[in-house]
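Chemist: My structure is below; once you've seen it, I'll send some questions.
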């Protein structure tokens, strides 16, 4: 009779919440570090467009996986590209 009781099922579920899941995250790596020949330049809009959201915001490191050094270069290139008129500042 205890197995059909909904409270017992809830208690079993609660005990499983404390268990640690056994899976590993794939570590994001900087594609600019991996591909040495890829250069960050403000005229390469096709590379920079993948690092900007739909609203025109620069995506953070945790989403793109770029390292700190390359993220700074990407931000400068995107800002320079916007000033040159190659990329939009925002999208409506």
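Chemist: Within segment 53-92, restricting attention to residues that are more than 19 Å from the chain's Cα centre (by Cα) and assigned to a loop (DSSP other than H, G, I, E, B), which residue is surrounded by the fewest Cβ atoms within 10 Å (Cβ to Cβ)?
Modeler: In the first step, residues of segment 53-92 are kept if they are more than 19 Å from the chain's Cα centre (by Cα); the result is 79-92.
With the extra rule that they be assigned to a loop (DSSP other than H, G, I, E, B), the set shrinks to 85-92.
On the way: 85: 8, 86: 15, 87: 18, 88: 11, 89: 9, 90: 8, 91: 10, 92: 5.
The extreme case among them is 92.
Chemist: In addition: Every residue in segment 27-41 that is in contact (Cβ under 8 Å) with a residue 12 or more places away in the chain, in contact with a helix residue (DSSP H, G or I) (Cβ under 7 Å, 6 or more places away or on another chain) and part of a loop (DSSP other than H, G, I, E, B), please.
Modeler: 30, 40, 41
Chemist: Which residues, taken from segment 20-41, are more than 15 Å from residue 68 (Cα to Cα), modelled with pLDDT under 90 and surrounded by 12 or more Cβ atoms within 10 Å (Cβ to Cβ)?
Modeler: The one that is more than 15 Å from residue 68 (Cα to Cα), modelled with pLDDT under 90 and surrounded by 12 or more Cβ atoms within 10 Å (Cβ to Cβ): 38.
Chemist: Is one or more of the residues making up segment 42-52 in a loop (DSSP other than H, G, I, E, B), surrounded by 10 or more Cβ atoms within 10 Å (Cβ to Cβ), on the phi > 0 side of the Ramachandran plot and at pLDDT 90 or above? Steps first, answer last, please.
Modeler: Going through segment 42-52, the residues in a loop (DSSP other than H, G, I, E, B) turn out to be 42-44.
If we keep only those that are surrounded by 10 or more Cβ atoms within 10 Å (Cβ to Cβ) too, we end up with 42-44.
From what's left, on the phi > 0 side of the Ramachandran plot: none.
Within segment 42-52, not a single residue is in a loop (DSSP other than H, G, I, E, B), surrounded by 10 or more Cβ atoms within 10 Å (Cβ to Cβ), on the phi > 0 side of the Ramachandran plot and at pLDDT 90 or above.
The values are calculated or read from the model by the stated rules, or taken from the named source; none is laboratory data. Treat the numbers as computed from the prediction; the structure is a model and nothing was measured. No Cβ is skipped: glycine too gets one built from the backbone with ideal geometry, and neighbour counts run over all protein chains shown.
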